[in-house]
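J.: Structure incoming, see below.
None of the figures in this text is laboratory data; all of them are computed from the coordinates on show. The structure displayed is predicted, hence computed values, not measured ones. Every residue, glycine among them, receives a Cβ derived from its backbone with ideal geometry; neighbour counts consider all protein chains shown.
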Amino acid sequence: MTINFLIAPDFPPEYFAGWHFMNARLQKMLDVNIHLLLPANSTEEQNEIDQDKVDIIYANPFDAAKLIRELGYLAVAQPVNIYDEIVIASSAEFPIKKLDDVKKGMTVLATEYYDVKLLALRLLESVDIEEKDLVWQKSDSFAALANGLIKKRGHIGLFLASAYKKLTDFTRSNLTTLMESKIRDLNHVVLIHPRQATMLEMLQQAFCTLNQSDDGQTILDDLGLKNGFTVMSQEDIEFLIDIIETLRD
């Protein structure tokens, strides 16, 4: 039997090898063949889900809430003290130094990741800016987005904070951080398809004991998940869904 393990495509490129090492480690711990799926973008990710190819997924919180609620996916684990935050930034050469400087009619560079856009819109509400007040321009990646800001193709850009911090020092020196969210309630989570429910406890143990070996800890460190994983409780699941629904309202 071979099962498919999909990783949400919003991780920094330097984590690519780390996910392969993680996959190899899980195969050894579970004694099962696991095929790693690394979609290039959210469209490819959704296609894999729509074709019912995904047995295990490391999903962003917005997708996770939908998968749990609509497709019956079961929560496995979540990273410890690693949260999904966003950064709103601008070119250092623009006179846009704080969120109050964002005005109606400005152009926003954003990736296709809806979660980043939704969180940014909630922050922009504080300065009376709504989605319809801005001109939206798509960027293929966070690196391309940063390059677009530096070249003044947009006034502000929306980043996943973890991706923003992985930009080179030179790139970030040419940008101004207007705001970084501090919600500390949202994070990616590991889910399993209900057809693989018999594997749930084994998978929970596999993820949550990774940090108990030197090899496992090295993999976690390489993925920026140094504190490892913890099991998601039903209360955690309900809390996640409540937050997502509140943000969408």
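J.: Taking the Cα centre of the chain as the origin, how large is its charge dipole in debye, to the nearest 20, when only Lys and Arg (+1) and Asp and Glu (-1) carry charge on their Cβ atoms?
T.: On the way: 24 positive and 38 negative charges, 169 e Å.
So the magnitude is around 820 debye.
J.: Select from the stretch 1-72 those trypsin sites (Lys or Arg not before Pro) which occupy a DSSP coil region and have at most 14 other Cβ atoms within 10 Å, ordered by residue number.
T.: Values: sites: 25, 28, 53, 66, 69; in loops: 53.
Here the trypsin sites (Lys or Arg not before Pro) that fit, given the DSSP loop and packing criteria, are 53.
J.: Cross-link candidates for residue 66: which lysines have Cα within less than 19 Å, leaving aside residues fewer than 8 places away along the same chain?
T.: List returned: 53, 117.
J.: Using DSSP, restrict attention to beta bridges with both residues in the chain and report what percent are antiparallel, rounded to the nearest 5.
T.: Numbers: 20 of 34 bridges.
Here the share of antiparallel DSSP bridges comes out near 60 percent.
J.: Please arrange 35, 193 by counting, for each residue, the other beta carbons lying within 10 Å of its beta carbon, fewest first. Before the final figure, lay out the partial values.
T.: Values: 35 13, 193 21.
Fewest-to-most Cβ neighbours within 10 Å comes out as 35, 193.
J.: Compactness ratio of the stretch 86-180: Cα Rg over 2.2 N^0.38 Å, N = residue count?
T.: Working: Rg = 11.6 Å, N = 95, 2.2 N^0.38 = 12.4 Å.
Rg over 2.2 N^0.38 Å, computed on Cα atoms: 0.94.
J.: Taking the chain as the reference, fit the longest principal axis to its C-alpha atoms, fit the long axis of helix 234-248 to the helix C-alpha atoms, and give the angle between the two in degrees, 0 to 90, nearest 10.
T.: 30
J.: Once both labels are modelled 7 Å past Cα along the beta-carbon direction, what's the residue 93-residue 33 spacing in nm?
T.: Once both label points are built, they end up 5.4 nm from each other.
J.: Another question, if that's okay. Report the relative contact order of the chain, percent, no decimals, based on alpha-carbon pairs under 8 angstrom and at least 6 residues apart. Kindly include the intermediate steps, with their values, before the conclusion.
T.: Values: 427 pairs, mean separation 73.1, N = 249.
Over the chain, the number comes to 29 percent.
J.: Could you point to the residue in 198, 187, 1 farthest towards the positive end of the chain's charge dipole, with +1 and -1 charges on the Cβ of Lys/Arg and Asp/Glu respectively?
T.: My answer, from the dipole projection, is 187.
J.: Kindly flag which residue pairs out of 103/132; 165/226; 97/138 have an alpha-carbon separation exceeding 18 Å in this structure. List each step's numbers first, then the result.
T.: Working: 103/132 12 Å; 165/226 16 Å; 97/138 22 Å.
Table pairs above 18 Å Cα-Cα are 97/138.
J.: Another question, if that's okay. Among 74, 19, 88, whose Cα sits farthest toward the positive end of the charge dipole of the chain (+1 at Cβ of Lys/Arg, -1 at Cβ of Asp/Glu, about the Cα centre)?
T.: The Cα lying farthest towards the positive end belongs to 88.
J.: About the Cα centre, and with charges only on the beta carbon of Lys, Arg (+1) and Asp, Glu (-1), how big is the dipole of the stretch 86-180? Nearest 20 debye, please.
T.: Values: 14 positive and 13 negative charges, 60 e Å.
Here the size comes out at about 280 debye.
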